[in-house]
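What follows draws every value from the coordinates through simple rules; no lab data is involved. Since the model is a prediction, treat every value here as computed from it, not as a measurement. We place every Cβ from the backbone using ideal geometry, glycine too, and count neighbours over all the protein chains shown.
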Amino acid sequence: MTHPSFHPGVMPARPKAPGATLSLVLGIVAVGGMFVLLVPVFLAPLAWYHGAAASRRVEREPERWSGGGEAKAGWVLGMIGSALMLGMLGVLLLATLGVTTIAGHDAGYGT
């Protein structure tokens, strides 16, 4: 009698690379959550990092790890979220500079 979980000719499922699912979840929360509340966009660089690391792990040892698609999706979402974050910080910087310039401007009416 064979072991119940052993099936000849069938390879057992490979575990997902560490960080693959995490990067996908962080990427979804960062990009999707940015439109609801701006704070989650700061998770995007973490999604980018974990996605890249997991993707490299899968490419280096494809016979050992799965989850390359999740890792790449999280990586891409992390890049998109990081670009959105930089754009948002740029707009915030321009707005701050504009407000300080206007506040320091003297209209010349002796006020």
Using the Cα centre as the reference, give the magnitude of the dipole from point charges on the C-beta atoms of the range 20-97 (Lys, Arg: +1; Asp, Glu: -1; all else neutral), rounded to the nearest 20 debye. 80 debye
Test of understanding: what is the full-extension gain from TYR49 to LEU92, defined as 0.36 nm times their sequence separation minus their Cα-Cα distance? 13.0 nm
ARG14 neighbourhood, Cβ < 10 Å, K/R = +1, D/E = -1, net charge 0
Can you list which of the DSSP-assigned H helices in the chain have a Cα extent of 20 Å or more along the long axis and an average Kyte-Doolittle score of at least 0.0? 20-34, 68-104
Packing rank of 52-61, 21-30, 96-105, where each peptide gets the mean count of other beta carbons within 10 Å, highest leading: 21-30, 52-61, 96-105
